[in-house]
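Beneath this line is the structure, given in structure tokens, with notes to follow.
FYI, it's all coordinate maths here, none of it is from the lab. A quick note: this is a predicted structure, and the numbers were derived from the prediction, not measured. Here the Cβ is made from the backbone with ideal geometry for all residues, glycine too, and neighbour counts use every protein chain on show.
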Amino acid sequence: MKKYNLLFLLAILCVLVSCGGIKSTLKNVDDSATKPVVISRQFVLTEYALDNKYAYDKDYPVNLGFENEKYSPKNITYFFNALTGPNGEKISYEKIDTCCPFPTKKSVMGAGTLEIYQVTIEGSDKKLILYINIYEKGKVLCPKGFLIKKPSTSNN
């Protein structure tokens with residue numbers, strides 16, 4: 001069923017983009033951003049987000065579009081592997097939806113959507129919602145409410 005929903009969404013996106021019906025509301029795209037270093041299957045993050053909206057607001061997603069969209073699952077894994085809870089707790093994450101179509105030249109369809117992830121911090125019932133963009137680039141930061149996990153020394 002999800003496959004048909006995705007195909008329907010993509011068909012609508014194509015129509016909207018071809019008609020000029022959607023505009024990007026993304027505020028933190030940076031085409032000059034570089035992909036973070038990867039060590040032990042995680043990004044090496046060095047900075048914390050100062051903006052409360054980063055990752056939590058659809059207009060300020062985590063932009064991981066450093067490679068072709070087919071490689072996005074590994075970049076998403078690298079991003080979440082770089083995070084811990086606010087006291088060093090393990091986190092778990094699950095993609096729960098897509099939303100927010102926008103035009104992009106970095107997709108074969110000419111449009112992209114944001115992926116919505118639900119994040120749970122070990123020992124807490126609280127569920128956090130983060131927005132991920134696999135099409136556009138931007139500086140990858142640690143969102144508020146998380147800590148940067150120190151990578152082990154082996155390089156992948």
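Points to keep in mind about this one:
- Global size of segment 31-152 as Cα Rg and Dmax, reported in angstrom: 13.7, 41
- Assigned charges on the beta-carbon of Lys, Arg, Asp, Glu; segment 97-140 dipole about Cα centre (debye): 280
- On full extension, the segment bounded by Thr77 and Asp57 gains 5.2 nm, given 0.36 nm per residue less the C-alpha separation.
- Cβ-derived FRET efficiency at R0 41 Å, Ser32 paired with Lys127, nearest 0.05: 0.75
- The magnitude of the dipole of segment 10-131, with charges of +1 and -1 set on the Cβ of Lys/Arg and Asp/Glu and taken from the Cα centre, is near 260 debye.
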